[in-house]
Amino acid sequence: MALKRMDNVLIVVEDIDAVIGFFVELGMELEGKGPVEGKWVERVIGIDDVRQDVAMLRTPDGSGRVELVVFHQPAAVRGAPVDAPANTLGIRRIMFAVDDIDDVVARLRAHGGELVGSVERYGDVYRLCYVRGPEGIVVGLAEELG
């Protein structure tokens, strides 16, 4: 059997509304938000007495999704510092293709976004940067050139 697709990336957060605002400003669309609890989710994730809210966001073309979860019970556990550098083990960023990198960076600043380094050119192919948003979430932005 072959892999069919990647459905989503999960990010556990503390302030789900701030993170939703950041991703909506980036250009993602909120599909829905609501509580998720019960024995079925406890069995899937291997944690008892779970109470959480989940939000699902999708890219405009529908090909990618980000799932956000805030745990009300049990409390979330921090695995790395909020400002972990790019060489920290684990998932470090999610990359998005954008039309105008300067415009996106400017709009994300209004939602707590800040450049990790600087906007740089990769030959004649891309302009690239990393932006750290709420709760230390890092997104990569890639503007195709030419």
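Laboratory data are not the source of any read-out in this text; all were calculated from the coordinates shown. Bear in mind the structure is a predicted one, so any value in this text is a computation, not a measurement. Backbone-built Cβ (ideal geometry, glycine too); neighbour counts: all protein chains shown.
Looking only at the chain, where both bridge partners belong to it, what percent of the DSSP beta bridges are antiparallel (to the nearest 5)?
Within the chain, antiparallel bridges account for around 75 percent of the total.
Based only on other Cβ atoms within 10 Å, what is the fewest-to-most ordering of LYS33, LYS4, LYS39? Display every interim value, and only then the final one.
Values: LYS33 15, LYS4 6, LYS39 9.
If I rank by nearby Cβ atoms, fewest first, I get LYS4, LYS39, LYS33.
Starting from the eigenvalues of the Cα gyration tensor, five times each then square-rooted, give me the equivalent ellipsoid semi-axes of the stretch 26-146, largest first, whole Å. Numbers along the way, then the final one.
Working: eigenvalues 194, 58, 31 Å².
Each semi-axis is the square root of five times an eigenvalue, giving 31, 17, 12 Å.
What is the Cα centroid distance between the stretch 71-127 and the stretch 1-70, reported in whole angstrom?
Value for the Cα centre distance between the two parts: 18 Å.
Return the ratio Rg/(2.2 N^0.38 Å) for the stretch 94-144, where Rg is computed over Cα atoms only.
Its radius of gyration relative to the 2.2 N^0.38 Å reference: 1.04.
Counting only C-alpha contacts under 8 Å and six or more residues apart, can you give the relative contact order of the chain as a whole percent? Can you show the working numbers first?
Values: 258 pairs, mean separation 32.8, N = 146.
For the chain, the relative contact order is 22 percent.
Starting with the fewest neighbours, write out TYR130, TYR122 ranked by other beta-carbon atoms found within 10 Å of each beta-carbon.
TYR122, TYR130
Stick to Cα atoms and the Kirkwood definition of Rh, then tell me Rg/Rh for the stretch 9-73.
Ratio of gyration radius to Kirkwood radius for the stretch 9-73: 1.01.
Any idea how far apart LEU10 and ARG58 come out in nm if each label point goes 7 Å out from Cα toward Cβ?
So the label points at LEU10 and ARG58 sit 2.0 nm apart.
Based solely on its DSSP helices, what 222 nm [θ] is calculated for the chain when runs of n ≥ 4 H residues each add -39,500 (n - 2.57) and the sum is averaged over all residues, nearest 500 deg cm²/dmol?
-5000 deg cm²/dmol
Any chance you could get the radius of gyration and Dmax over the Cα atoms of the stretch 50-93, in Å?
Cα radius of gyration and Dmax of the stretch 50-93 are 13.7, 35 Å respectively.
In nm, what is the difference between 0.36 nm times the number of residues separating ALA84 and SER118 and their Cα-Cα distance? Show your work: numbers first, answer last.
Values: separation 34, 0.36 × 34 = 12.24 nm, distance 1.67 nm.
Contour length minus the Cα-Cα distance gives 10.6 nm.
Among PHE22, PHE71, which comes first, then next, by fewest other beta-carbon atoms within 10 Å?
If I rank by nearby Cβ atoms, fewest first, I get PHE71, PHE22.
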